[in-house]
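Only one structure is covered here, and it is reproduced in the block below.
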Amino acid sequence: MKTIKKGFTLIEFIITSLVLAIIAMLAIPSFSNMLAKQKLNSDIRSLSGALTQSRGQAVFLRKDVQINFTEGANTDTQYYWSINPKNTIISPSTLSSLTFKKDGALNAVTSDIEFKLCNSKIGITKNLILTKSGSIFYKEDGTC
């Protein structure tokens, strides 16, 4: 009776490992770009959420509520939002805070504000427009 040996030879194992390594090297750059894009999407959604939440709080409490673009702990009338370190705010570059009035509109703002968040690794911007009445609109993506 003839015995059958099962398993891989060393050559088969090395070739399979090389093929897997090549496939992995091709996938890693696109995976890191996908992660960068997701972080940018996350930042624009968290900015939208912070603006919506602070506006809603101003209407609910019938008080002015301020949103600061720094790190901090939220209170009833003070909200904080900061961007992921891998992304940057292109515009507005000098804005440190906004105040929502009790009717939900922005205080002391004469025109709409366009927020542009950029990830320079992938060269994409995410754009959000905050109207002076407090409404939020997304604008199509751009380039950094």
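What the table below lists for this structure:
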item	result
Conditions (1) in contact with a helix residue (DSSP H, G or I) (Cβ under 9 Å, 6 or more places away or on another chain); (2) in a helix (DSSP H, G or I); (3) of a type outside the set (A, V, I, L, M): number failed by Asp43	(1)
Any hit, the range 107-114, residues being modelled with pLDDT under 95, assigned to a strand (DSSP E or B) and touching a Leu at 6+ places or on another chain (Cβ under 6 Å)	yes
Sole exception among (1) assigned to a loop (DSSP other than H, G, I, E, B); (2) closer than 25 Å to Phe31 by Cα for Asp76, by number	(2)
Pick from the range 53-86, criterion out of contact with any helix residue (DSSP H, G or I) (no Cβ under 7 Å at 6 or more places or on another chain) and of a type in the set (A, V, I, L, M, F, W, C), ranking: surrounded by the most Cβ atoms within 10 Å (Cβ to Cβ)	Ala58
Among (1) free of Cβ contacts under 8 Å to residues at least 24 places away in the same chain; (2) in a helix (DSSP H, G or I); (3) among the β-branched types (Val, Ile, Thr), the one test that Thr3 misses	(2)
Phe8 loosely packed, with under 12 Cβ neighbours inside 10 Å, part of a loop (DSSP other than H, G, I, E, B) and not acidic (Asp, Glu)	yes
Residues satisfying the stated conditions in the range 112-144, i.e. of a type outside the set (D, E, K, R), in contact with a strand residue (DSSP E or B) (Cβ under 6 Å, 6 or more places away or on another chain) and over 21 Å from Ser54 (Cβ atoms)	Cys118, Gly123, Ile124, Thr125, Gly142, Cys144
Of residues in the range 65-90 being free of Cβ contacts under 8 Å to residues at least 40 places away in the same chain and within 15 Å of the chain's Cα centre (by Cα), the one farthest from Met34 (Cα to Cα)	Phe69
The range 25-60, subset of a type in the set (A, V, I, L, M, F, W, C) and within 10 Å of the chain's Cα centre (by Cα), residue nearest to Leu130 (Cα to Cα)	Leu47
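The values are calculated or read from the model by the stated rules, or taken from the named source; none is laboratory data. All of these numbers come straight from a predicted model, not from anything done at the bench. All Cβ positions, even for glycine, are placed from backbone atoms using ideal geometry, and neighbour counts span all protein chains on display.
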